[in-house]
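Structure, as C-alpha cells:
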Amino acid sequence: MKFKTDGSITHSGFNVRYSISGSYFPSSGTISSPSYPANYHNNAENNYVIKPPGATRIRLDFTSFILEGSEPSCRYDSVTIKRGTKYGTQLDKFCGTKSSFTRTYTASQLTLMFKTDRSVVRSGFRCVYSRYN
Ligand SMILES: [Ca+2]
C-alpha cells in the first residue's frame with residue numbers, strides 16, 4: 001500500500017483496519033505475531049516478506065506456535081507460507097497449538113501470511129528465519 005501526499009494542506013489521514021506488513025531482508029531474523037507473547041488481535045492480516053540476501057533455501061524455525069483452530073482446515077486463524085509474494089504458490093498452512101518445529105524451503109523469497117478471524121485470540125507465534133544454502 002502506498003500513501004502519497006503533496007506539499008500543501010494536511011488532513012488527519014486515515015485509519016486502516018488491518019495491520020500492515022513488515023519486510024525483512026537481513027540474512028536472518030525473527031518474526032512474531034502482533035503483540036507477541038501477549039495475544040494477537042482479531043481481524044489481523046499481516047504479510048511478512050522473508051528475503052535473505054543470496055538465499056536459495058530458507059529455513060523457518062517456529063519456536064512458539066499457539067493459534068486458534070486446527071489443521072488442515074485452519075479456517076479461523078492461520079499462518080500461510082507462500083513462495084515469493086502473497087500471490088505465490090502456497091507451500092504450507094499452519095494453525096492450532098504446535099510444539100516448536102522447523103521447515104526448509106527451496107526459495108529465494110517467502111511470504112509469511114498471518115491472518116485472524118473475528119473472535120478468539122491466542123498468543124500467536126515466533127519464527128526465526130535464516131538463509132539455509
Ligand atoms: Ca481467531
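Laboratory data are not the source of any read-out in this text; all were calculated from the coordinates shown. These numbers come from a predicted model, not from an experiment. Quick reminder, even Gly has a Cβ in these numbers, built from the backbone with ideal geometry, and neighbours come from all protein chains shown.
List of remarks:
- A simple count of charges around GLN109, restricted to other residues whose Cβ falls under 10 Å of its Cβ and scoring Lys, Arg +1 and Asp, Glu -1, yields +3.
- Each other residue within a Cβ distance under 13 Å of ALA38 adds +1 if Lys or Arg and -1 if Asp or Glu, for a net charge of +2.
- Electrostatic tally near ILE81: other residues with Cβ closer than 10 Å to its Cβ, Lys and Arg +1, Asp and Glu -1, net +3.
- Three-way shape call for the stretch 22-131 based on the alpha-carbon gyration tensor, with the a/c threshold at 1.5: prolate
- Inter-label distance for ASP92 and THR30, nm, one decimal - labels placed 7 Å from Cα along Cα-to-Cβ: 1.9
- In a DSSP loop and with at most 12 other Cβ atoms within 10 Å, the trypsin sites (Lys or Arg not before Pro) in the stretch 24-95 are ARG75.
- The slack between HIS41 and THR63, meaning 0.36 nm per residue of separation minus the straight C-alpha distance, is 5.9 nm.
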